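Sharing a structure with you now.
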Amino acid sequence: MASSRLLALFGLLCVVLCFAATAHAQAAAKPTKAQIKAELRNMANNITKNYPQYAKYAKDINKYIGLALNSKYDFTALSDATLLLPSDTEVQALAKKVPATSSNIPKIYNITAYHIILKKYTVPALTVLKKSQPLGTQLKQAIYKVSVQNGNTVSFAKTPNAPPAEWTTIKIVRLYAGPYFIAHGVDKVLVPTNTKV
């Protein structure tokens with residue numbers, strides 16, 4: 001099924017990109033592969049147990065840990081990153097718009113990379129950022145915090161001065177906070193500039 005293939009691919013890309021996203025970390029601060037593997041499994045198990053709406057996604061991450069750790073990326077570079085995990089429902093909705101075909105892999109890659117922020121942010125930290133604060137992503141295309149409706153509903157935009165009609169308002173749920181990265185659940189998929197779905 002195209003939906004399950006995309007969900008699995010999205011999970012795999014998030015694992016791969018999450019590691020690649022933090023190559024800027026100093027060598028002394030790099031965790032070992034064993035530490036990374038243990039934390040990813042811990043994250044997946046915790047999310048599966050406590051947040052059923054993200055269970056499928058978390059299980060996919062868990063499933064692909066071994067494959068990801070055997071790829072060419074320097075996975076020991078993982079540190080100081082925030083991973084935004086769209087809910088299973090949102091990823092499945094994306095699958096209908098962007099089927100898991102070879103021609104769509106660049107789109108899926110871009111969307112996944114856009115959900116990895118190159119700094120650790122708790123939910124409160126995201127909400128208190130200044131308006132139009134740029135958040136660097138693995139895609140090297142920033143997202144901008146432009147508004148906060150309440151403690152966990154934040155509006156992001158692709159440009160710092162985007163009109164409200166171009167904002168994406170998402171609810172953020174803290175899912176996991178570990179020594180190397182933080183994971184938050186979001187109720188929408190963020191789509192970067194120049195990526196049509």
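The values are calculated or read from the model by the stated rules, or taken from the named source; none is laboratory data. Every value quoted in this text rests on a predicted model; they were computed, and no experiment measured them. When we count neighbours, we look across all protein chains shown, and the Cβ atoms used for this are built from the backbone with ideal geometry, even at glycine. Note: accessible area is taken over every heavy atom of the protein model, side chains too, but ligands, DNA and RNA are not part of it. Shrake-Rupley method; radii C 1.70, N 1.55, O 1.52, S 1.80 Å.
Which of (1) out of contact with any helix residue (DSSP H, G or I) (no Cβ under 6 Å at 6 or more places or on another chain); (2) open to solvent by less than 30 Å² (accessible area, probe 1.4 Å); (3) over 19 Å from residue 81 (Cα atoms) is the odd one out, the single condition residue 145 does not satisfy?
(3)
Taking the conditions exactly as written (touching a residue at least 12 places away in the same chain (Cβ under 8 Å), open to solvent by less than 70 Å² (accessible area, probe 1.4 Å), in contact with a His (Cβ under 7 Å, 6 or more places away or on another chain) and not in a helix (DSSP H, G or I)), does residue 84 satisfy them or not?
yes
Looking only at the range 186-194, decide whether some residue is part of a loop (DSSP other than H, G, I, E, B), open to solvent by less than 60 Å² (accessible area, probe 1.4 Å), touching a Lys or Arg at 6+ places or on another chain (Cβ under 6 Å) and closer than 23 Å to residue 54 by Cα.
Yes: the range 186-194 contains one or more residues that are part of a loop (DSSP other than H, G, I, E, B), open to solvent by less than 60 Å² (accessible area, probe 1.4 Å), touching a Lys or Arg at 6+ places or on another chain (Cβ under 6 Å) and closer than 23 Å to residue 54 by Cα.
Okay, next question. Looking at residue 186 and the list (1) over 26 Å from residue 95 (Cα atoms); (2) touching a residue at least 24 places away in the same chain (Cβ under 8 Å), which single condition is not satisfied?
All conditions pass for residue 186, except number (1).
While we're looking at this one, here's another question. Can you pull out the residues in the range 102-121 that are β-branched (Val, Ile, Thr), farther than 19 Å from residue 159 by Cβ and in contact with a Ser or Thr (Cβ under 9 Å, 6 or more places away or on another chain)?
116
Here's a follow-up. Taking only pairs six or more apart or across chains, which ones have beta-carbon atoms under 7 Å, a first residue in the range 37-49 that is part of a helix (DSSP H, G or I), and a second residue that is of a type in the set (Lys, Arg)?
What qualifies is 44/59; 48/59.
Scan the range 152-172 and tell me whether some residue there is outside any strand (DSSP E or B), open to solvent by 30 Å² or more (accessible area, probe 1.4 Å), over 19 Å from residue 86 (Cβ atoms) and touching a residue at least 40 places away in the same chain (Cβ under 8 Å).
Scanning the range 152-172 turns up no residue that is outside any strand (DSSP E or B), open to solvent by 30 Å² or more (accessible area, probe 1.4 Å), over 19 Å from residue 86 (Cβ atoms) and touching a residue at least 40 places away in the same chain (Cβ under 8 Å).
A further question follows. Looking for something surrounded by 19 or more Cβ atoms within 10 Å (Cβ to Cβ) and either farther than 16 Å from residue 174 by Cβ or at pLDDT 80 or above (or both) - is there at least one such residue anywhere in the range 126-135?
yes
A follow-up question, please. Name the residue, out of 97, 119, that is modelled with pLDDT of 85 or more and within 20 Å of residue 43 (Cβ to Cβ).
It is 119.
Since residue 103 meets every condition but one in (1) over 13 Å from the mean Cα position of the chain (by Cα); (2) surrounded by 20 or more Cβ atoms within 10 Å (Cβ to Cβ); (3) over 18 Å from residue 183 (Cβ atoms), which condition does it not meet?
Of everything listed in (1) over 13 Å from the mean Cα position of the chain (by Cα); (2) surrounded by 20 or more Cβ atoms within 10 Å (Cβ to Cβ); (3) over 18 Å from residue 183 (Cβ atoms), residue 103 misses just condition (2).
Now, a different point. Looking at residue 179 and the list (1) surrounded by fewer than 17 Cβ atoms within 10 Å (Cβ to Cβ); (2) touching an Asp or Glu at 6+ places or on another chain (Cβ under 8 Å); (3) in a helix (DSSP H, G or I), which single condition is not satisfied?
Failing condition for residue 179: (3).
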